[in-house]
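Okay, so here's the structure we're looking at.
The values are calculated or read from the model by the stated rules, or taken from the named source; none is laboratory data. On a predicted model such as this, the values are computed, not experimentally measured, just so you know. Every residue, glycine as well, gets a Cβ built from its backbone with ideal geometry; the counts of neighbours run over all protein chains shown. Ligands, DNA and RNA are excluded from the accessible area calculation, which covers all protein heavy atoms including side chains. Shrake-Rupley method; radii C 1.70, N 1.55, O 1.52, S 1.80 Å.
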Amino acid sequence: MDYFTRKRVAAIMAELQPAEDVIVMGWVRNRRDSKNLVFLSLNDGSTLNNLQIVIDNPGEVADLENIRLGAAIRVAGRLIPVPEREHKIELHPGEIRLVGECPKEYPIQKKRHSFEYLRDIAHLRPRTNTFGVANRFRSKIAYAIHKFYQDRGFFYVHSPIITATDAEGAGEQFWVTTFDLDNIPINEGKVDYDKDFFGAQTFLTVSGQLEAEIMALALGDVYTFGPTFRAEKSNTPRHVSEFWMIEPEMAFCDLDENMQLAGEFLMYLFEYALGECSEEMEFFNRWIEKNRISTLETLLKSKFEIVTYTEAVEILKKAKKKFEFPVDWGVNLQAEHERYLCEEHFNSPVMVKDYPKDIKAFYMRLNDDDKTVAAVDVLVPQIGEIIGGSQREERLDVLKKQVELFGVNEETLWWYYDLRRYGSVPHSGFGLGFARMLMYMSGMANIRDVIPWPRTPRSAKF
RNA sequence: GCCUCAGUAGCUCAGCUGGUAGAGCAAGUGGCUGUUAACCACUGGGUCGUUGGUUCGAGUCCAGCCUGGGGCGCCA
């Protein structure tokens, strides 16, 4: 099949060198005919760029009538640089072979399609410019995430996908069972989970954090990067039911140190995108959202402002702007409040810390004031919250009180308590939604377009 | 879950106060020695999301349902 001898278009475009007997394989993106000349644009997925194929003997090419938009072909021939032309280099074939025919009802045309239409043909949309770029970008940024942590001595943890732990309060989790749903075992009026596959009630995980804490208290610095699931019936351009999260967890690390790492992490990704993903960033900047590059560049030069929740509430109360939701100490900050803080008041990314304990999770460390917890939200212009993190409660007695206060089911947390019982240490971590980060860096407005197979309420096609 | 907008040709849309449909692109045919979202000419293509109602008559008005977009909440 010439898999190892064929040349990738990305390499051809990078080198721009003449060569004989070059083999390329890919899909036809465009075809233009004149009487004695046919031009094909070939894309092999390795880059946004198409390779120009110039056929100057169309009468002699077999199957030429079937080499149309979408068809898979193999071309062998001579590479000729043409620096004066827009496409810089072209391939003059000695042989063209039709590998896979493409009927004319192929749903992707050589024009712009709406993202909504392409979502209905999610199996074909990676063949478009935008989704090719988006998927290559996704891969590169995933690599950058690993590189950031691995370079700092963090270990990668695969936290479990099936869990018995009810991490943040039930209701929003998918249940995992092998019960016949038409005939569920009942014992004394209640579902008998003892008869289920795992002998207990189990869920798809909503976070790898609790398990990451296990590893952090053994390996020191760890991170998870894997899928999580939320059964919330959210219907917005920012929510999906299945998404990947990055969750670093560090032993002997307090909230301020946690915040410093979060800031360095974000800056690293922005810098990586600008430096190592120039093809993708230039595409986003041109076709998806102008100023994406300058926005990231500005962000790179700015510093994170740090305020406490209490200070943030004071700022918002003094603001001349009218908010739809009134601000008062004790209520959660709304998206409009978060955006005011970083877009209008500070005009920079902001970290808000020390939230009232009642609006945050049970595992967050109680501050000395007994009213707030050591939590942080990182806010960026246009999006609002992009990272949520905290120092974890490492004191067993305090943790038990919080669990009781929040009404969390204690039975499945015995091992979590053990971590505090045996050699407990202060530790911290945060969570970053991978797809939301991709949205922010690319300017793509809908999360369903940065995830290849998005799962949302009433939709799990493909 | 609440609010709001939309569903007309393969795609993107137009269709005013009700009189059974139109454009651009795509497709097909022909033309053109260099095109690059190629261009020029011609041709074919629609039970107007769905069910019911009002009416002599519904793409157009009314109600329900389905699907999709946006806003809000929940969050990442």
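Tabulated results
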item	result
In segment A:3-71, chymotrypsin sites (Phe, Trp or Tyr not before Pro) in a DSSP loop with at most 16 other beta-carbon atoms within 10 Å	A:Y3, A:F4
Estimated distance in nm for a label pair at A:L219 and A:D2, the labels positioned 7 Å out from Cα along Cα-to-Cβ	4.4
Residues A:A164 and A:S278, FRET efficiency given R0 of 35 Å [Cβ-Cβ distance, rounded to 0.05]	0.15
Set of segment A:209-242 residues, backbone N closer than 20 Å to the point 7 Å along the Cα-Cβ line of A:K461	A:234-242
Accessible area of chain A divided out per residue, in Å², using a probe of 1.4 angstrom	51
Spin-label proximity, A:L37 to segment A:80-95 - amide N less than 16 Å from point 7 Å beyond Cα toward beta carbon	A:80-93
Cross-link pairs A:K233/A:K317; A:K35/A:K111; A:K7/A:K140; A:K290/A:K317 - those with Cα-Cα distance over 29 Å	A:K233/A:K317; A:K290/A:K317
Straight-distance crosslink candidates among lysines, where the alpha carbon sits under 20 Å from A:K400 and sequence neighbours closer than 8 are dropped	A:K357, A:K360, A:K371
Over chain A: helical MRE at 222 nm, DSSP H runs n ≥ 4 each giving -39500 (n - 2.57), nearest 500	-8000 deg cm²/dmol
Residue-by-residue Karplus 3J(HN,Hα) for segment A:70-83, coefficients 6.51, -1.76, 1.60, Hz, glycine and proline x	x, 5, 9, 9, 10, 10, 10, x, 10, 8, 10, x, 10, x
Accessible surface of A:Y143 - all protein chains present, 1.4 Å probe, nearest 10 Å²	130
Nearby lysines by direct alpha-carbon distance to A:K320 (threshold 24 angstrom, same-chain neighbours under 8 apart not counted)	A:K353
Chain lengthening between A:Q334 and A:S294 when straightened (0.36 nm per residue, less Cα-Cα)	11.7 nm
Of all accessible heavy-atom area on segment A:214-370, the percent that carbon and sulfur account for (1.4 Å)	48
Net dipole in debye of chain A [+1 Lys, Arg Cβ; -1 Asp, Glu Cβ; about Cα centre; nearest 20]	1880
List A:E314, A:E394, ordered by accessible area with a 1.4 Å probe, largest first	A:E314, A:E394
For segment A:210-276 versus segment A:278-306, the gap between their alpha-carbon centres in whole angstrom	21
Listed residues A:V28, A:G407, A:G208: farthest to the positive end of the dipole of chain A (Cβ charges)	A:V28
Under the Karplus curve 6.51 cos²θ - 1.76 cosθ + 1.60, θ = phi - 60°, whole-Hz ³J(HN,Hα) for segment A:359-370, x wherever Gly or Pro sits	9, 10, 8, 5, 8, 7, 6, 6, 7, 5, 6, 6
Probe 1.4 Å - accessible area at A:F323, Å² to nearest ten	40
Backbone HN-Hα couplings from phi across segment A:320-327 [Karplus 6.51/-1.76/1.60, Hz, Gly and Pro as x]	6, 5, 8, 9, 5, 10, x, 9
Surface accessible to a 1.4 Å probe, A:D21 within the full protein complex, Å²	130
Stretchable slack from A:E95 to A:Q17, in nm (0.36 nm times residue separation minus alpha-carbon distance)	26.1 nm
Relative contact order computed over segment A:126-449 (Cα-Cα under 8 Å; 6+ residues apart), in percent	19
